[in-house]
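Participant: The structure's right below; bear with me while I get my questions together.
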Amino acid sequence: ERAMDKMGISVFATPNKNKFKEITMKARRHIAEGGAAARLPHANQIWMLIGFELFKVLRSEFECIEVYPQAIVRELGLGKHYKTTSEGHSEQVAALARRMNASVDGLHRQLFEIGYGSRHDKLDARMSAWVASLDEENRVALGNPPEDVIWVPRT
């Protein structure tokens, strides 16, 4: 997070254990009082807890690394246009296709066939999977491996 912050990449800071307890209590109180799940306080930090558990389960069987799509986009020299715009989405798909040695049309088909989600979320997922599939010598560590690190492609 500190390495990405130095690069000017916005992130939600990972709270410490005490702060996580406070956040989960606030979220439980919100739901108990009839608050909408869509307005859950600290939702991004709550998702971190889910990600930590998923990471723990997957790590028992697979090598797992942490990636951050915005950092990948920045490392590829993209981001002039935001990913939810037609220009930004096309720019990122084209760049990813080049790096994967794939056709743009083929990548668009892959993204269409990925399960539920917006087109930019599907692109984030595919981009993240691509970085995770790279050999370590083809990735760059932002942070301090092995635990405190976000991986991006080597450019």
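Participant: So for the chain, what are the equivalent ellipsoid semi-axes in whole Å, largest first, each being the square root of 5 times an eigenvalue of the Cα gyration tensor?
Facilitator: Taking √(5λ) for each eigenvalue gives 29, 20, 16 Å, largest first.
Participant: Shifting gears a bit: Quick one: compute the contact order of the stretch 14-138, relative version, from alpha carbon pairs under 8 angstrom and 6+ residues apart, as a percent.
Facilitator: 18 percent
Participant: Could you run the Karplus curve 6.51 cos²θ - 1.76 cosθ + 1.60 with θ = phi - 60° over the stretch 147-152 and give me ³J(HN,Hα) per residue in whole Hz, x for Gly and Pro?
Facilitator: Result, ordered by residue: 9, 9, 8, 10, 9, 10 Hz.
Participant: So which GluC sites (Glu not before Pro) in the stretch 10-58 are both in a DSSP loop and have at most 10 other Cβ atoms within 10 Å of their Cβ?
Facilitator: Sparse-neighbourhood loop GluC sites (Glu not before Pro): GLU33.
Participant: Same structure again: HN-Hα J couplings of the stretch 67-84 from phi, Karplus 6.51/-1.76/1.60, θ = phi - 60°, integer Hz, Gly and Pro as x?
Facilitator: Coupling constants for the stretch 67-84: 10, 9, x, 5, 5, 5, 4, 5, 5, 7, x, 10, x, 4, 10, 5, 4, 7 Hz.
Participant: Moving to a separate point now. List the DSSP H helices in the chain whose Cα atoms stretch 20 Å or more along the helix axis and whose mean Kyte-Doolittle hydropathy is at least 0.0.
Facilitator: 43-59
Participant: Here is a further query. Give the range of the longest stretch in the chain that excludes all trypsin sites (Lys or Arg not before Pro) found in loop regions by DSSP and having at most 14 other beta-carbon atoms within 10 Å.
Facilitator: 1-79
Participant: Using modelled backbone amide H atoms (1.01 Å from N, in-plane), which distant-in-sequence or interchain residues come within less than 5 Å of VAL149's amide H?
Facilitator: HN-HN under 5 Å from VAL149: ASN144.
Participant: So what does TRP130 come to for accessible area, using a 1.4 Å probe and Å² rounded to 10?
Facilitator: 20 Å²
Participant: Give me the percent of the accessible area of the stretch 6-79 that comes from carbon and sulfur atoms, probe 1.4 Å, all protein chains in place.
Facilitator: Carbon and sulfur: 57 percent of the exposed surface of the stretch 6-79.
Participant: Run the quick spin-label model on HIS81 and SER118: label points 7 Å from Cα toward the beta carbon, then report their separation in nm to one decimal.
Facilitator: The answer from the label model is 1.6 nm.
The values are calculated or read from the model by the stated rules, or taken from the named source; none is laboratory data. None of these values were measured; they are calculated from a predicted model. When we count neighbours, we look across all protein chains shown, and the Cβ atoms used for this are built from the backbone with ideal geometry, even at glycine. The accessibility values were calculated without ligands, DNA or RNA, using every heavy atom of the protein model including side chains. Shrake-Rupley method; radii C 1.70, N 1.55, O 1.52, S 1.80 Å.
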